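A short write-up of the structure that comes next.
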């Protein structure tokens, strides 16, 4: 049984790895809501298996292995949904999604978020902050939920295009 200090280290590493872990899950399961659900399940499993963690193994290697298994479980549960990638295709993507590229994409995302107008950035911060939801933003802003969803869709599209441009520019340098 790990001592209190080992649990504290795991909590710290888990907290610090959330963005990279989410990006890794998104590389395999590209729907943000589904990826968020898998991230939550991954966090639960990582905590439940904290006593099995070997500090000699890099934390992200262990965490991504757990995440990959959680994506498999999610796909198995949602197999009837035609929008979910087959296990073979998702495994190929996971094998080709090294952490370095994830970090590059995250850095590009951070750069692109800074370029958003303040009103759009506020919507993103509210939606992806703790307990954020479209319904909550709609209530707070006095706008219809459908309008908020449409705005988020346009913002996501703009961010995806910005990320692609930023990565292409980085490759060209």
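Observations on the structure shown:
- Tally, over segment 44-58, of residues that are part of a helix (DSSP H, G or I) and either touching a residue at least 60 places away in the same chain (Cβ under 8 Å) or surrounded by 19 or more Cβ atoms within 10 Å (Cβ to Cβ) (or both): 1
Okay, residues lined up against (1) assigned to a helix (DSSP H, G or I); (2) at pLDDT 90 or above; (3) not assigned by TED's automatic domain parsing to the domain that holds residue 35:
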{"site": "79", "(1), (2), (3)": "no, no, no"}
{"site": "106", "(1), (2), (3)": "yes, no, yes"}
{"site": "110", "(1), (2), (3)": "yes, no, yes"}
{"site": "113", "(1), (2), (3)": "yes, no, yes"}
{"site": "125", "(1), (2), (3)": "yes, no, yes"}
{"site": "130", "(1), (2), (3)": "no, no, yes"}
{"site": "139", "(1), (2), (3)": "yes, yes, yes"}
{"site": "148", "(1), (2), (3)": "yes, yes, yes"}
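- Some residue of segment 112-131 being exposed (fewer than 14 other Cβ atoms within 10 Å of the Cβ) and touching a helix residue (DSSP H, G or I) at 6+ places or on another chain (Cβ under 7 Å): yes
- The single residue among 53, 24 that is within 30 Å of residue 149 (Cβ to Cβ) and outside the structural domain of residue 134 (by TED's automatic domain parsing) turns out to be 24.
- Test result for residue 72, modelled with pLDDT of 90 or more, farther than 13 Å from residue 25 by Cβ and in a helix (DSSP H, G or I): no
The values are calculated or read from the model by the stated rules, or taken from the named source; none is laboratory data. Everything numeric in this text was worked out from a predicted model, so none of it was measured. Counting neighbours? That spans all protein chains shown, and the Cβs are built from the backbone with ideal geometry, glycine included.
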